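Reviewing the structure listed below.
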Amino acid sequence: MNGWAKFFLLLVCCVFTLILFPQYDQAGLKFMGMLFLFWTCTIMLFSIIGNILALYKFETLNRLFGIAFLAGFIASLLLYFPLVGNETPYTRLQNKQWPTEENIKEGVKRLTFNFDFVRRNAKRQENFVNQKIQDAKTLKKQAEALDIIVSPAEDQEENKK
């Protein structure tokens, strides 16, 4: 297994963890980013060292390294990924709280981007945020109220001159 395959395996493990255990907050995302960075650097370092020592010639040793990386990915994700309530996926699995179909749907929903913009029902002559346009009478009353508030300040400026 080369470095690209290990990197892809790391990416798949991280995405599956985010989907199966969607009860994370910002600390979970920061942890996932740092873990991804750590394992990427580790993969690069071991790939360089392996190429220098020509370990790619030994197929069984390569497979053992691949299995060790997979075990390391999964162990670090399950043992240390912080969930809400100071839990980890390992403690949830230990307490027989398996991921349910609702968890998977929520996890997929958290990882997808919603392309359904609010602008789809807006008309061209109105603004694009779907705000309710006030009628002219209400706007005129508000303008008069603002003029009343501003007018004493103008009178004070004229008195100062």
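Key figures
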| read-out | value |
| --- | --- |
| Single residue of the range 1-50 satisfying the filter (of a type in the set (A, V, I, L, M, F, W, C) and more than 28 Å from ASN62 (Cα to Cα)) that is most open to solvent (accessible area, probe 1.4 Å) | LEU29 |
| Residue list for the range 88-108, filter: within 19 Å of the chain's Cα centre (by Cα) and touching a residue at least 40 places away in the same chain (Cβ under 8 Å) | PRO89, ASN103, ILE104, GLU106, GLY107, VAL108 |
| Any pair with Cβ under 9 angstrom, 6 or more apart, that starts in the range 25-45 at a residue that is free of Cβ contacts under 8 Å to residues at least 24 places away in the same chain and within 18 Å of LEU83 (Cβ to Cβ) and ends at one that is in a helix (DSSP H, G or I) and open to solvent by less than 70 Å² (accessible area, probe 1.4 Å) | LEU29/LEU18 |
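The values are calculated or read from the model by the stated rules, or taken from the named source; none is laboratory data. Since we're looking at a predicted model, the values are computed, not measured. A quick note on method: Cβ atoms are made from the backbone with ideal geometry, for glycine too, and the neighbour counts reach across all protein chains shown. Ligands, DNA and RNA are excluded from the accessible area calculation, which covers all protein heavy atoms including side chains. Shrake-Rupley method; radii C 1.70, N 1.55, O 1.52, S 1.80 Å.
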